[in-house]
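Asker: Could you have a look at this structure, given as structure tokens, before my questions?
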Amino acid sequence: MNITSTPKAPAAIGPYSQAISANGFLFTSGQIAIIPETGEIDGTTIESQAERCCRNLGALLAENGLGFESVVKTVCFLADMGDFAAFNAVYAKYFTGKPARSCVAVKTLPKNVLCEIELIAEL
């Protein structure tokens with residue numbers, strides 16, 4: 001197993017790694033709308049927060065020499081399923097290969113953000 005650690009994505013805010021590669025796959029931790037350089041939440045809308053989640057995931061992919069086309073599975077968490085369409089509009093710009101996906105509404109996300117995304121990519 002190899003641990004991914006990059007300042008281009010938010011540092012872990014708990015006892016976990018940004019991502020782990022093992023057995024030909026990259027597994028990311030859930031990414032929320034944290035600006036890596038400041039630790040602040042990026043925006044107050046589902047669109048701005050989804051953009052930041054995707055950019056953070058892009059940084060983890062890039063650190064491993066990958067792009068979004070390598071993603072095989074995502075798991076998406078929304079604070080409000082009413083944001084589903086707006087979230088999808090942003091998501092679709094990044095995940096053009098249409099990986100398998102789960103998307104669920106949850107009661108609360110870390111730092112009260114509106115969404116969180118994690119992924120699995122083929123190395």
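Asker: Restricting attention to the stretch 28-64, and to residues there that are of a type in the set (D, E) and in contact (Cβ under 8 Å) with a residue 40 or more places away in the chain, which single residue is farthest from A11 (Cα to Cα)?
Answerer: Top of the filtered list is E47.
Asker: Exactly one condition in (1) open to solvent by 40 Å² or more (accessible area, probe 1.4 Å); (2) part of a loop (DSSP other than H, G, I, E, B); (3) touching a Leu at 6+ places or on another chain (Cβ under 9 Å) is not met by E37; state its number.
Answerer: The one condition E37 does not meet is (3).
Asker: Only one of these is more than 23 Å from T6 (Cα to Cα) and either in contact (Cβ under 8 Å) with a residue 60 or more places away in the chain or open to solvent by less than 50 Å² (accessible area, probe 1.4 Å) (or both): A79, A121, A89. Name it.
Answerer: A79
Asker: Further question on the same structure: Would a scan of the stretch 2-17 turn up a residue that is touching a residue at least 60 places away in the same chain (Cβ under 8 Å) and on the phi > 0 side of the Ramachandran plot?
Answerer: No: zero hits.
Asker: Test L26 against the stated conditions and say whether it is touching a strand residue (DSSP E or B) at 6+ places or on another chain (Cβ under 9 Å), under 26 Å from A89 (Cα atoms) and either of a type in the set (S, T, Y) or open to solvent by less than 20 Å² (accessible area, probe 1.4 Å) (or both).
Answerer: yes
Asker: For residues that are polar (S, T, N, Q) and in a loop (DSSP other than H, G, I, E, B), scanning just the stretch 40-75, find the one that is most open to solvent (accessible area, probe 1.4 Å).
Answerer: T44
Asker: What's the number of the condition E116 fails, among (1) touching a Phe, Trp or Tyr at 6+ places or on another chain (Cβ under 9 Å); (2) in a helix (DSSP H, G or I); (3) of a type in the set (D, E)?
Answerer: Here E116 meets the rest and fails (2).
Asker: Same structure, new question: For the stretch 81-100, give me each residue that is over 17 Å from E116 (Cβ atoms) and over 14 Å from the mean Cα position of the chain (by Cα).
Answerer: Residues satisfying the conditions are A85, A89, T96, G97, K98, A100.
The values are calculated or read from the model by the stated rules, or taken from the named source; none is laboratory data. From a predicted model like this one, the values you see are computed outputs, not experimental measurements. In this analysis, Cβ positions are derived from the backbone assuming ideal geometry, glycine residues included, and neighbour counts consider all displayed protein chains. These area figures cover heavy atoms from the full protein model, side chains too; ligands, DNA and RNA do not enter into them. Shrake-Rupley method; radii C 1.70, N 1.55, O 1.52, S 1.80 Å.
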